[in-house]
Amino acid sequence: MLQANGQSAPTDQHIDIAVTLLNGLIEKAVAFIPSVIGALAVLIVGLWIAGRIRKFAVRSMTRSGKIDATLGGFLSSLIYYGLVALVVITTLGVFGVPTTSFAAIIGAAGLAIGLALQGTLGHVASGVMMLSFRPFDIGDFVEAAGVSGTVKQIGLFTTEIATPDNKMIIVPNGKIFEDVITNYAGYDTRRVDLVFGVSYSDDLDKAMAVIKAEVEKETRAKSTPEPVIAVDNLGGSSVDILCRVWVERSDYFPVKWALTKGVKERFDADGVSIPFPTRTVITEAA
């Protein structure tokens, strides 16, 4: 049968084919609806549970007081995204996607990314270890990776250190953690070590008494452990007297400077000489 415009009119056979195809699509859609609803339910509930677990982890680590806020945030995010990945894989499984192959693909991709970023991930691992074991805290004066200064910030990738002349230095955590770390603020007390050189012709007992008097005048010096004043070395041009005094960490430099100045002034007043290095040259007559 032809229509007025010359095109063939749809026959009953064509209509039956279309109806059959439409019915098949509807049947498949109806059969697929439970899977869609189930997958959406798994996705929504799974993401909600993951978020709740993340909040619980953050709250628990914050209340414990033993985990740094940066590390706590990193670990909670790691837990959250791990759960999200599990929820996504489970959702795909409900849809009928072979999750074993999908998990293998994710594992291979993770391995490739890990190999490409192994240096960066190494710094992250070092940052996690540093934030966990706390070899130093913010505000401590440390020496590590060839750098000395005050710690300003500890991150997952790098640590910010301010030098004594206030220059900012950013050090990768991997370099710090694999090196020897000296934390000058690790203990509450420190020992001030001073050496005073006097002439061989001076009275050693008098010189030691002068040093002892200056130490006793210094109120910031601790009596326990007891200060040590002793002849330590016979140098090339002087007799070296060692003075060791324990002080609070914050008093280290003030006490060191005060004792150095005080002993020098008392030596001058009491006639104890501090010799200059000398060299004796012996010549033979021709």
Please list, in order along the range 76-90, the HN-Hα scalar couplings obtained from phi with the Karplus expression 6.51 cos²θ - 1.76 cosθ + 1.60 (θ = phi - 60°), rounded to whole Hz, x for Gly and Pro.
5, 5, 4, 5, 4, 6, x, 5, 4, 4, 5, 5, 5, 5, 5
A correct Karplus calculation of ³J(HN,Hα) over the range 225-234, with 6.51 cos²θ - 1.76 cosθ + 1.60, θ = phi - 60°, whole Hz and x for Gly and Pro, returns x, 5, x, 10, 10, 7, 6, 10, 7, 9
Point-to-point label distance, Ala162-Asp137, nm (Cα→Cβ direction, 7 Å offset)
1.8 nm
Amide H proximity to Val192 below 5 Å, modelled H, separation 5+ or other chain, gives Val245, Trp246, Val247
Please list, in chain and number order, the residues 5+ apart from Leu156 or on another chain whose amide H is under 5 Å from its amide H, with Hs placed from the backbone.
none
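What is the calculated FRET efficiency for Ile37 to Arg63, with r their C-beta to C-beta distance and R₀ = 30 Å, to the nearest 0.05?
After rounding to 0.05, the efficiency reads 0.20.
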Could you list which residues have their amide H under 5 Å from that of Gly235, counting only those 5 or more apart in sequence or on another chain, with H placed in the peptide plane?
Asp240
To make sure I understand the rule: partners must be aspartates and glutamates, Cα under 17 Å from the Cα of Lys264, and not fewer than 8 residues away in the same chain. Which ones qualify?
Asp193, Asp202, Asp203, Asp205, Glu214, Glu216, Glu218, Asp240
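Anything over 27 Å Cα to Cα? Flag those among Lys175/Lys222; Lys55/Lys167; Lys167/Lys217; Lys222/Lys261; Lys167/Lys222; Lys175/Lys256, in the order listed.
Details: Lys175/Lys222 37 Å; Lys55/Lys167 38 Å; Lys167/Lys217 37 Å; Lys222/Lys261 19 Å; Lys167/Lys222 34 Å; Lys175/Lys256 32 Å.
In this structure, Lys175/Lys222; Lys55/Lys167; Lys167/Lys217; Lys167/Lys222; Lys175/Lys256 lie more than 27 Å apart at Cα.
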Between Asn233 and Phe253, take the C-beta separation as r, use R0 = 35 Å, and let me know the FRET efficiency to the nearest 0.05.
0.90
Karplus couplings for the range 237-253 from phi (6.51 cos²θ - 1.76 cosθ + 1.60, θ = phi - 60°), rounded to Hz, Gly and Pro as x?
9, 8, 9, 8, 9, 8, 10, 10, 9, 8, 9, 5, 3, 6, 9, 4, 5
May I ask for log10 I(q)/I(0) of the range 134-183 at q = 0.14, 0.27 Å⁻¹, from a Debye sum over the Cα atoms as equal point scatterers with solvent left out?
-0.26, -1.06
For Thr158, Thr224, Thr189, ascending order of other Cβ atoms within 10 Å (fewest first) is Thr224, Thr189, Thr158
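Read the figures in this text as sums done on the coordinates, not as results from a lab. All figures in this text were calculated on a predicted structure; none of them were measured in a lab. With ideal geometry, Cβ positions are generated from the backbone for all residues, glycine too; neighbour counts draw on all protein chains shown.
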